[in-house]
Amino acid sequence: MNQPVRRDPVSRFFIGLWDVMNFTRRLIFNLVFFGLLFLIAVLVIIGLAKGNAGPKPLVDNTTLVIAPDAALVEQYSSDPASRALSKAFGQEGNEIQLRDLLRVIEAAKDDKKINRVLVDFDKLQASGYASLREVAGALAELRASGKQIVAFSENMSQGQYLLAAQANEVYLDPMGSVVIEGLGRYRQYYREGLQDKLGVDVHLFRVGEYKSAAEPYILDAASPESKEADLFWMNDIWNRYLADVGKARKLAPSELGASIDNLPTDVVAAGGDLAKLALKQKLVDGLKTAEEVNQELTKRGVADEDDDDNLGFRHINFDAYLAQLGARTSPLDERDQVAVVVAAGEIAGGDQPAGKIGGISTSALLRDAREDEKVKAVVLRVNSPGGEVFASEQIRREVVALQAAGKPVVVSMGDLAASGGYWISMNADRIYADASTISGSIGIFGLIPNFSRALDKIGVHTDGVGTTRIAGAFDPTKPLDPELGNVIQAVINKGYADFTGRVAQARHKSVEQIDQIARGRVWSGQQALDRGLVDQIGGLKDAVADAAARAKLGEAGKYRVRYVEKELSPFEQFLANAAGSPMGGALLGRSDFARMALLQAMPQTAQQLQFVQDAMARKPGAKPVSELAYCFCGF
């Protein structure tokens, strides 16, 4: 018979302590585990409730409030689950899709329950003037329909003012300002710092004296060609801005331009009061606080003292109204479709997340549209500065494959469709651009950094052997062999010949004609139209109508417009629905535990591509020289 082991008091103490710690550990783990299960159960109930409960119906004499605190984008840069959770947690980085903003404005035009619209664009971040002009056009149509638009602002930039100017009445806070300063484009130049100070030599290989994307790495200031080209298209966009604002406010563009030139003198004369100066210049109709504007709208509408936003009048906000519009759309719609594929961001190889263009991922979306029998035509919405040449070519091939399958493709250019962005556009049956779109930049370049002199400065040297004279020739720690430089330039020349040759074929011009308007030069949309690079001035709505007409789908209403995007997994859809509901948002926003647990599980959005750094990096299996069709153009 085994006798029990007798332990001394010290051993018993430590064993007992361990048992207590082990029990505590299991208890805490179980509490966390069952707490998470409880949270998931609550979210499931919320998600089901959200799916069954429709949006609150509108009533008569409602004011639509559009006050986006977000960046205006073509396509969300994160998945719906991440967006819903971020919003529930009150985190920054909100985005609003251009298509949604246009849809809300256009729907309000014909909605009899919407009597007026209050707009506040102070926190709207826009990327360019093409998208702003689309929104401004929609607001102008809303105003022309008889709906009253009231704009309020505390401080407006010139882009935000372009939108506010479309209102019947524009009010500015007495302590506010409207800043209109013109267009400028300035960059930092690193040659002295890189080459003289650090000893890093950057070798640029390009075709086209106007291809200035990589000039900051080899120059100390912008080249004359770069300044000439930039000022040419910027003046066109700026003059159009003055004309648009002048038309909306019934002011002469020359008068607006003069007020900007005289701004320093006028500000001093106004005693530094920017709000009174804006009123004097007729940029605004009155100086009122937010509370005073709300009181005025309460008099015109229906008082509502119990509203959650404390505005004092019956209203519906942008998100709630957009949700109502979504509820009116049936997922079982069997009409023929015009598919819209968004190509927004930089063009890179492989499978890229939303907000970027991937040679594989964007091609897959176009292929899905080609293989879907319900899709009869495709609109490719392009908002891109370009990127990798091969990835651009992959996407262009899918455009050609769609056309070969009998499905017309129409391109709608957004703020920017330059370089690689033009590459993926050029074969479309028709290309639409806004007059202020930035396009062109037909050119190729490559960058090769060399660190041999930098390493010499700290006493580090590279040496070794290779089986051939070019083995290791691309090592950035060795001086660049001039003969290798000739090889790289030959590759870049070939890339440019491919680019101009394909454009010539697509646009039915000679290579010589394309070369005259190419060479890396950037154009506004109107200038691109004048030179035959685009076919018509118009927005996304015009492109959709054109695509439908080419597919003979009849008038609007007889076909469905569907965005082709990556599908969500069931779990992602569940998270988006649950966290996006009012109850789910409140629960997550107030729960530190939920925040900690779900942030670990939520899908993560990749960091923004550091384009030049990534382009310089050698990738396993890739060819040693990668041609880039990229344009650092914009504001």
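Yes or no, residue by residue, for (1) within 30 Å of Ala107 (Cα to Cα); (2) surrounded by fewer than 16 Cβ atoms within 10 Å (Cβ to Cβ); (3) free of Cβ contacts under 8 Å to residues at least 24 places away in the same chain; (4) charged (D, E, K, R):
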position	(1), (2), (3), (4)
Leu447	no, no, no, no
Phe499	no, no, no, no
Val511	no, yes, yes, no
Gln526	yes, no, no, no
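Per-residue answers, yes or no, for (1) in a loop (DSSP other than H, G, I, E, B); (2) touching a Lys or Arg at 6+ places or on another chain (Cβ under 7 Å); (3) of a type in the set (S, T, N, Q):
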position	(1), (2), (3)
Leu172	no, no, no
Ser177	no, no, yes
Leu219	yes, yes, no
Ala243	no, no, no
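Scanning the range 189-232 for residues that are surrounded by fewer than 16 Cβ atoms within 10 Å (Cβ to Cβ) and of a type in the set (S, T, N, Q) gives a single hit, Ser223. Residue count for the range 18-68 satisfying the condition of being at pLDDT 70 or above, small (Gly, Ala, Ser) and in a helix (DSSP H, G or I): 1. Within the set Gly414, Gly406, the sole residue that is in the same structural domain as Thr500 (by TED's automatic domain parsing), of a type outside the set (Asp, Glu) and out of contact with any Ser or Thr (no Cβ under 7 Å at 6 or more places or on another chain) turns out to be Gly406. Select from the range 268-295 the residues that are closer than 14 Å to Asp173 by Cα and small (Gly, Ala, Ser) and write down the one among them that is surrounded by the most Cβ atoms within 10 Å (Cβ to Cβ). The extreme case among them is Ala278. Take Thr298 and tell me if it is more than 30 Å from Gly193 (Cα to Cα), loosely packed, with under 13 Cβ neighbours inside 10 Å, among the β-branched types (Val, Ile, Thr) and not assigned by TED's automatic domain parsing to the domain that holds Asn450. Answer is no for this residue.
Taken over the range 197-217, the criterion of being under 11 Å from Gly520 (Cβ atoms) and outside any strand (DSSP E or B) is satisfied by Gly208, Glu209, Tyr210, Lys211, Ser212, Ala213, Ala214, Glu215. Would you mind stating whether Arg335 is surrounded by fewer than 22 Cβ atoms within 10 Å (Cβ to Cβ) and either assigned by TED's automatic domain parsing to the domain that holds Gly386 or modelled with pLDDT of 95 or more (or both)? Taking the combined requirement at face value, the residue satisfies it. All of (1) surrounded by 17 or more Cβ atoms within 10 Å (Cβ to Cβ); (2) at pLDDT 95 or above; (3) not polar (S, T, N, Q) hold for Ala549 with one exception: (1).
Only one of the listed residues (Arg99, Arg6) is at pLDDT 65 or above and either charged (D, E, K, R) or within 30 Å of Gln352 (Cβ to Cβ) (or both). That residue is Arg99. The residues in the range 222-247 that are touching a Phe, Trp or Tyr at 6+ places or on another chain (Cβ under 6 Å), touching a residue at least 24 places away in the same chain (Cβ under 8 Å) and under 30 Å from Leu198 (Cα atoms) can be counted, and the count is 0.
Can we say Ser131 is within 16 Å of the chain's Cα centre (by Cα) and either assigned to a strand (DSSP E or B) or surrounded by fewer than 23 Cβ atoms within 10 Å (Cβ to Cβ) (or both)? Considered against the rule, which asks whether it is within 16 Å of the chain's Cα centre (by Cα) and either assigned to a strand (DSSP E or B) or surrounded by fewer than 23 Cβ atoms within 10 Å (Cβ to Cβ) (or both), Ser131 comes out as no. Does Ala167 satisfy being buried (at least 20 other Cβ atoms within 10 Å of the Cβ), of a type in the set (A, V, I, L, M), within 29 Å of the chain's Cα centre (by Cα) and more than 30 Å from Lys478 (Cα to Cα)? Yes: the conditions hold for Ala167. Return yes or no: is Ala108 modelled with pLDDT of 95 or more, among the small types (Gly, Ala, Ser) and in a helix (DSSP H, G or I)? So Ala108 fits the description; yes.
The values are calculated or read from the model by the stated rules, or taken from the named source; none is laboratory data. Keep in mind that what you see is a predicted model, and the values were worked out from it rather than measured. Glycine gets a Cβ as well: all are built from the backbone with ideal geometry, and neighbour counts include every protein chain shown.
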